[in-house]
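**Student:** Structure incoming, see below.
The values are calculated or read from the model by the stated rules, or taken from the named source; none is laboratory data. What you see is a predicted model, and the numbers here were worked out from it, not measured in a lab. Virtual Cβ from ideal backbone geometry, glycine too; neighbours counted across all protein chains shown. Heads up: the accessible areas ignore ligands, DNA and RNA and are worked out on the full protein's heavy atoms, side chains in. Shrake-Rupley method; radii C 1.70, N 1.55, O 1.52, S 1.80 Å.
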There are 2 protein chains.
Amino acid sequence: MKLIPPFSVFVRLFYVLFFLGTQAFAQTDPLPSWNDGAARQAIVDFLQATTRQGSPQFVAPAERIATFDQDGTLWVEHPMYAQVMYCLDRVPLVVKAKPELAGVEPFKTVLSGDHEAIARLSMDDLFKILAATLTGMSVDEFKDQAQQWLDTARDTRWKRPHTELTYQPMQEVLQYLRANGYKTYIVTGGGQDFVRLYSERTYGIPPEQVVGTAGGTKYGYDKDGKPFLTKEPKLLLNDNNAGKPEGIHLMIGRRPYAAFGNSTGDRQMLEYIQAGDGARLSMLVLHDDAAREYAYGPAQGLPDTKVGAFTQALYDLAKKQGWKIISMKNDWKRIFAWEQ
Amino acid sequence: MKLIPPFSVFVRLFYVLFFLGTQAFAQTDPLPSWNDGAARQAIVDFLQATTRQGSPQFVAPAERIATFDQDGTLWVEHPMYAQVMYCLDRVPLVVKAKPELAGVEPFKTVLSGDHEAIARLSMDDLFKILAATLTGMSVDEFKDQAQQWLDTARDTRWKRPHTELTYQPMQEVLQYLRANGYKTYIVTGGGQDFVRLYSERTYGIPPEQVVGTAGGTKYGYDKDGKPFLTKEPKLLLNDNNAGKPEGIHLMIGRRPYAAFGNSTGDRQMLEYIQAGDGARLSMLVLHDDAAREYAYGPAQGLPDTKVGAFTQALYDLAKKQGWKIISMKNDWKRIFAWEQ
């Protein structure tokens, strides 16, 4: 008895499935939260140019890589980066373990709860807080601490977990790219270990596809001889500005075809992507919707803030380079999945 | 007219394909170059334990990660690492561009062609050669230079391109793991940028799944304002010994379930994998086949060499920890794909 049918049966079944699949796909809008416009069209055009067989700009499936900044591009970054909130919230627990820090700056100011004084802390102070709250513990201890915060912390405006403050239109772009064979990466100035904790559940992006600001770890053994890694206060990659293309080279090793950002910290990543051959997609999210989210810039006269600067110079460069601007106000039908 | 058939048709077609696929797979030996024995059995048992639905040690597909050392584990490392040969071969070209180096050590010794003197070069000298041949150029220039060498260089014994000196039994393990949903990574002391050049074609492992010794790059612009990355003589990750688990955390961010190595430089990676919960597979390739490849150790009384030390202490630790030893002589039917 012949158990295996001839190869041609597989081929025919494959074509049947492929045809049915194509039909089903063609009837579903992959970007339902986007308004018609130049931004939406740029995404659709890019995907058609790079994935349609026979296109002069066709990109082989293995080469299909797209990178996304996180804060302000995939989720809310105002009034403060979620990870900075984590570090500030963590300070009382650090001080509890090391009471001698209670009277020492910048911990004293953080403990005071004086928001204005905290907002005035210098970069040096901030680094001290980051080092005290993000390093010195084992990788597993850090995971437990940060996971607990992610599970319980709520943002100040919508009173929701931070992982619910992702932009639904960008989630659709991630899925649309992946449905067309693109590997999606987060390339963030945020801490790599922090973002990796929720990237898979929140964005469908596995930890190994998160490139972020990364410190070193140190291998050692516990008292039972079991090996573990300790997070060290040693910076390996500052994944902002020029650090983004450098981090992409280090962690991915090839040039992405599409990149999304929202601030001057993403400029070099967009330049680097654009400098490659063939069709490339570089896009910037402009926060111009104070009613549904926030409005800040200072591009196009939007208010200047400490977080996520989208300068007029970046706006002008984008226009000159042909990078597409995504207006949250005009291009997005809705911002969050839970909106009506 | 209804274009889309009911969902149940998809489901039935899927089961037909799945059933046929299972039948076809069951009849093919996934490890044809392996002799029956404990090593082969350990691989088969591990895969069954971690991928068979309902197994108490079942591992979710997203978590299935396996890491492989390269030199001596996936391809020949004797009498010298291929990448070191590249660097030595490159020296005359570096000196041509910078003639002042001709009279300076260690370049003078390399140019002399005196193999014994070259073999006696210190680690410091070697680092000078690595820095001169692997850094200072753009990422793209490096790719061109190394690719040209890979295309033309031949090893001294078999007179074949180095990329043909991969171990067929290990290629089968890579494919067997991938066929069961494992993501396969190279975790090598070799240079990340070097190995990434051929990993996809040679092992089916894309560049983004190569973790290796990595230097920093520096982002800048050429005279036309086009951005590019320059390879800097700044070490970010020494991916040997403790650097292997540290590199795995940096680049992958989760603990692999299986790891393969062949020397003391792989010990910490194997320990780290083994320290996780559930079924873990840690294996070491023992070079005990002077006739078909090389025999060196010095485990089990094999000759001690400068390259790829598999010490007796590592051998004893492997036995104690339950790591499986792969004897090239006894476990492998053939070493290379091109053998009869």
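**Student:** Which number in (1) within 14 Å of another protein chain (Cβ to nearest Cβ); (2) in a loop (DSSP other than H, G, I, E, B); (3) crowded, with 21+ Cβ neighbours inside 10 Å marks the one condition that B:Arg254 misses?
**Tutor:** (3)
**Student:** Which numbered condition in (1) in a helix (DSSP H, G or I); (2) among the polar types (S, T, N, Q); (3) open to solvent by 60 Å² or more (accessible area, probe 1.4 Å) is the only one that B:Gln340 fails?
**Tutor:** Every condition holds for B:Gln340 apart from (1).
**Student:** Moving to a separate point now. Picking from A:Ala259, A:Ala179, which residue would you name as being open to solvent by less than 20 Å² (accessible area, probe 1.4 Å), hydrophobic (A, V, I, L, M, F, W, C) and more than 9 Å from chain B (Cβ to nearest Cβ)? Break it down stepwise before answering.
**Tutor:** Working: A:Ala179 fails: open to solvent by less than 20 Å² (accessible area, probe 1.4 Å).
Just a single option satisfies the conditions, and that option is A:Ala259.
**Student:** While we're looking at this one, here's another question. For A:Val285, work out the one condition from (1) farther than 15 Å from A:Asp331 by Cβ; (2) aliphatic (A, V, I, L, M); (3) not in a helix (DSSP H, G or I) it doesn't fulfil.
**Tutor:** (1)
**Student:** Moving on. Inspect the range A:313-335 for any residue being closer than 30 Å to B:Ile252 by Cβ and touching a helix residue (DSSP H, G or I) at 6+ places or on another chain (Cβ under 8 Å) and give the result as yes or no.
**Tutor:** Step one: of the range A:313-335, the residues closer than 30 Å to B:Ile252 by Cβ are none.
Scanning the range A:313-335, I find no residue that is closer than 30 Å to B:Ile252 by Cβ and touching a helix residue (DSSP H, G or I) at 6+ places or on another chain (Cβ under 8 Å), so the answer is no.
**Student:** Next question. Just need a number here: residues in the range A:134-188 that are among the polar types (S, T, N, Q), touching a strand residue (DSSP E or B) at 6+ places or on another chain (Cβ under 6 Å) and not in a loop (DSSP other than H, G, I, E, B). Break it down stepwise before answering.
**Tutor:** Keep residues of the range A:134-188 that are among the polar types (S, T, N, Q), which gives A:135, A:138, A:145, A:147-148, A:152, A:156, A:163, A:166, A:168, A:171, A:175, A:180, A:184, A:188.
Within this subset, residues satisfying the condition of being touching a strand residue (DSSP E or B) at 6+ places or on another chain (Cβ under 6 Å) are A:135, A:138, A:166, A:184, A:188.
Within this subset, residues satisfying the condition of being not in a loop (DSSP other than H, G, I, E, B) are A:138, A:166, A:184, A:188.
Going through the range A:134-188 one residue at a time, the tally reaches 4.
**Student:** Please determine, by comparing only the residues of the range A:182-233 that are more than 11 Å from chain B (Cβ to nearest Cβ) and open to solvent by 40 Å² or more (accessible area, probe 1.4 Å), which one is farthest from the chain's Cα centre (by Cα).
**Tutor:** A:Lys223
**Student:** Looking at the range B:117-125, is at least one residue more than 13 Å from chain A (Cβ to nearest Cβ), touching a residue at least 24 places away in the same chain (Cβ under 8 Å), in a loop (DSSP other than H, G, I, E, B) and of a type in the set (Lys, Arg)?
**Tutor:** Applying the first criterion (more than 13 Å from chain A (Cβ to nearest Cβ)) to the range B:117-125 yields B:117-125.
Those still in the list that are touching a residue at least 24 places away in the same chain (Cβ under 8 Å) too: B:118-119.
Filter again for in a loop (DSSP other than H, G, I, E, B), leaving none.
No, the conditions are met nowhere in the range B:117-125.
**Student:** Let me ask you something else. Show the residue pairs that are 6+ apart or on different chains and have beta-carbon atoms under 9 Å apart, the first residue being within the range A:103-116 and charged (D, E, K, R), the second being open to solvent by less than 70 Å² (accessible area, probe 1.4 Å) and outside any loop (DSSP other than H, G, I, E, B).
**Tutor:** So the pair list comes out as A:Glu105/A:Asp125; A:Lys108/A:Leu101.
**Student:** Could you name every one of the helices (runs of 4 or more DSSP H) located completely within the range A:1-114 that has at least 2 residues being touching a helix residue (DSSP H, G or I) at 6+ places or on another chain (Cβ under 8 Å), surrounded by 11 or more Cβ atoms within 10 Å (Cβ to Cβ) and modelled with pLDDT of 95 or more?
**Tutor:** Those helices (runs of 4 or more DSSP H) span A:38-51, A:82-97, A:107-112.
**Student:** Let me ask another. Of all residues in the range B:226-243, which are in contact with a helix residue (DSSP H, G or I) (Cβ under 6 Å, 6 or more places away or on another chain) and closer than 21 Å to A:Gly191 by Cα?
**Tutor:** B:Leu237
**Student:** For the range A:126-157, name all the residues that are surrounded by 12 or more Cβ atoms within 10 Å (Cβ to Cβ), more than 25 Å from A:Phe228 (Cβ to Cβ) and touching a residue at least 24 places away in the same chain (Cβ under 8 Å).
**Tutor:** A:Leu126, A:Ala153, A:Asp155
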